[in-house]
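Asks: What follows is a single structure, and I will ask about it in a moment.
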Amino acid sequence: MILYNKDVNPQGIRPELLLAIICANAYPADVGVSCIINGEHMLGSLHLSGNAIDFDVLEHSDLELNRGLTDNASLAKWLSAALPSCYDVVHEVSHVHVEYQPK
Ligand SMILES: [Zn+2]
């Protein structure tokens, strides 16, 4: 299940990011969206143009713990495997950053 931070507003999101949300929703643990365009970003960040989204794994069940699918590193691997190469998936310290950036 995807849960959205109260500050998240989807206005201006690039439609291609919906594929990332669909893939994150299939992850076997609750996943939060902490940021799309909201928040503070560096100049040139793809968040500013609605081309990036940040995910964070939330609650974990015992089943998920046993499967080793509970942290953001696992979510990053999951999304990397599920998304085409025009998406960059980066495991940051506190979240998983996904951006749509066609080469
Ligand atoms: Zn980000």
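Computed from the coordinates by the stated procedures, all read-outs in this text should not be read as laboratory data. Everything quoted here is computed from the prediction, not taken from an experiment. Cβ coordinates were reconstructed from backbone atoms using ideal geometry, including for glycine residues, and neighbour counts include every protein chain displayed.
Asks: Which whole-number percentage describes the relative contact order of the chain, with Cα contacts under 8 Å and a sequence gap of 6 or more?
Replies: 27
Asks: Just to confirm a number: summing +1 for Lys and Arg and -1 for Asp and Glu over residues other than K103 whose beta-carbon lies under 14 angstrom from that of K103, what do you get? Before the final figure, lay out each step's value.
Replies: Working: positive: none; negative: E16, D88, E99.
So the environment of K103 carries a net charge of -3.
Asks: Return D7, D56 ranked ascending by Cβ neighbour count within 10 Å, so the fewest neighbours appear first. Please report the intermediate quantities before stating the final value.
Replies: Numbers: D7 11, D56 19.
Listing D7, D56 from fewest to most nearby Cβ atoms yields D7, D56.
Asks: In addition: Report the calculated FRET efficiency for Q11 and Q101 (r = Cβ-Cβ distance, R0 = 25 Å), to the nearest 0.05. Numbers along the way, then the final one.
Replies: Values: r = 21 Å, r/R0 = 0.83.
After rounding to 0.05, the efficiency reads 0.75.
Asks: Moving to a separate point now. What FRET efficiency do you get for H41 and D71 if R0 is 25 Å and r is their Cβ-Cβ distance, rounded to the nearest 0.05?
Replies: Values: r = 24 Å, r/R0 = 0.95.
E between H41 and D71, to the nearest 0.05, is 0.60.
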